[in-house]
Amino acid sequence: MAVVEPGQRDVANVQGGGGSAMMGASSDPGTDDLAIVMPRMGGPEVLQTVHRPAPRPAAGGAVVRVEAAGVSFAEVQMLRGRYFMQPRFPFVPGYDLVGTVEAVGAGADAALVGRRVAALTQTGAWAERVALPTATLAPVPAGLESAEAVAAVTNGVTAWQMVHRSARVRPGQTVVVHGAAGGVGTLLVQLARRAGAAVIGTASAAKHDAVRALGATPIDYRAGDVPAQVRALAPRGVAAVFDHVGGPGLVDSWRMLGRGGVLVSYGSASTLHGTGHRLRPYLPIVGRILLWNLLPNGRRATFYFVQRWPKHFREDLATVLALLAAGEIEAHVARRLPLVRATEALALLDAGAVTGKVVLLPGDDAGEG
Ligand SMILES: NC(=O)c1ccc[n+]([C@@H]2O[C@H](COP(=O)([O-])OP(=O)(O)OC[C@H]3O[C@@H](n4cnc5c(N)ncnc54)[C@H](OP(=O)(O)O)[C@@H]3O)[C@@H](O)[C@H]2O)c1
């Protein structure tokens, strides 16, 4: 990883972090912040650590001192130029954060200063400070550790909205969760179990104990006929399938549904190493979903994409964080690494070497854990 000394690199035009955060404005010209930049496509080693002026809050906005930032599969896809909403290089990655409001801009509620908040940034969170609109900040319950809380921001809202808003899972149903040992998958399993459903979870064999511990029945997606194994467990079909894999397997997921069932497609992990335009893998997904919904077959399909602005986002994030604080769900933190070790953090995810969330800690005292 290239560590750039203060003044050696002008990052004023690097995207990510909420507008004025990246415009080169500095409240104190002597204050430098660290941020991680993804400069181009490549492997995790292309990441750069840069110094940049500390951001200032915009009108109606706040500056958040980041305590924990999440590392997600989205950044692995961004690194390959394969993300659904691919940002232009160079940019500061970082899909979500938990931190403390340090300052607010004109017109923003001054009482926010000192509050712990969570936000879904999509890019920009791998930094010491981030400027954000206050409307995007959700409160973090007291007593919830920052790394644990950030593990449930994007993954938790995504899982909550798919279980309760897209599929409306009910007691007595059986559902299939693909990637049940992953960040979103572990939360999908827990929330579906909490909603009263039985869960069948696909995962590689080494992670089956972790899937069982969450209360799901594991299936090895790398060996054998997955649809046949699901049929053996649920002969009349399942009520919902949560599919982040896409590709040809989406048809298998559709066929697993029983009458009244719903397929929730939310990614295309199987096409990470594909070629051609990044949106190409999504065209067959959208086409199939439209076709399946037109046919009178008593089942439906939908595509889910988490968004930070719609009205339910803050409400759903607050619900998820409250469940986490109450110990009703768990967001497993696999590794805590200092911000400057972002390359290592992304390499862990790229290699599929972790079960749970990898979290970056920007603080001075950030130790490994
Ligand atoms: N649409 C949205 O709004 C949204 C939001 C968040 C995330 N996502 C998507 O959700 C996916 C998961 O993200 P994450 O952060 O949870 O990643 P993660 O922690 O790396 O988990 C991904 C999991 O996918 C599993 N997997 C890979 N190929 C598979 C296959 N063919 N069949 C079944 N499972 C497979 C892996 O299982 P093993 O390790 O057991 O091999 C791994 O546990 C990503 O594709 C991401 O882009 C979408």
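Each value in this text was obtained by applying a stated rule to the coordinates, not by laboratory testing. What you see is a predicted model; the values in this text were computed from it and never measured. Virtual Cβ from ideal backbone geometry, glycine too; neighbours counted across all protein chains shown.
The table that follows gives values for the structure above.
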read-out	value
Other-chain or far-sequence residues with amide H under 5 Å of residue 333's (modelled H)	357
More than 25 Å apart - percent of Cα-Cα pairs taken over the stretch 124-244	31
Packing rank of 48-55, 169-176, 325-332, where each peptide gets the mean count of other beta carbons within 10 Å, highest leading	48-55, 169-176, 325-332
Residue of 311, 207, 357 that the Gaussian network model of the chain assigns the largest fluctuation, springs spanning Cα pairs under 10 Å	311
Compactness of the stretch 167-303 - radius of gyration and Dmax, Cα, Å	14.3, 43
Convex hull of the chain built on C-alpha atoms - directionally averaged projected area, nm²	17.9
Approximate spin-label separation residue 228-residue 322, in nm, with each point projected 7 Å along Cα-to-Cβ	4.7
Gain in span if fully extended, residue 255 to residue 194, counting 0.36 nm per residue against the direct Cα distance	19.4 nm
Among 119, 216, 205: highest mean-square fluctuation, GNM of the chain, C-alpha pairs under 10 Å	205
Ranked list, fewest to most other Cβ atoms within 10 Å of each Cβ, for 214, 272	272, 214
Sites residue 272 and residue 305, calculated FRET efficiency, Cβ-Cβ separation with R0 22 Å, nearest 0.05	0.80
Cα-based convex hull volume of the stretch 318-358 per residue, rounded to whole Å³	83
Axial C-alpha extent at least 15 Å, average Kyte-Doolittle at least 0.5 - helices from the chain (DSSP)	183-194, 282-294, 312-325
Inter-label distance for residue 113 and residue 236, nm, one decimal - labels placed 7 Å from Cα along Cα-to-Cβ	6.1
Sites residue 213 and residue 291 - FRET efficiency at Förster radius 51 Å, r taken between beta-carbons, to 0.05	0.85
Hydrodynamic radius by Kirkwood, which averages 1/r over all alpha carbon pairs of the stretch 46-132, in angstrom	13.6
Residue 165-residue 279 pseudo-label distance in nm [points 7 Å out on the Cα-to-Cβ vector]	2.2
Antiparallel %, DSSP beta bridges [both residues in the chain], to 5	50
Most fluctuating residue given options 348, 337, 291, as computed from a GNM of the chain linking Cα atoms under 10 Å	291
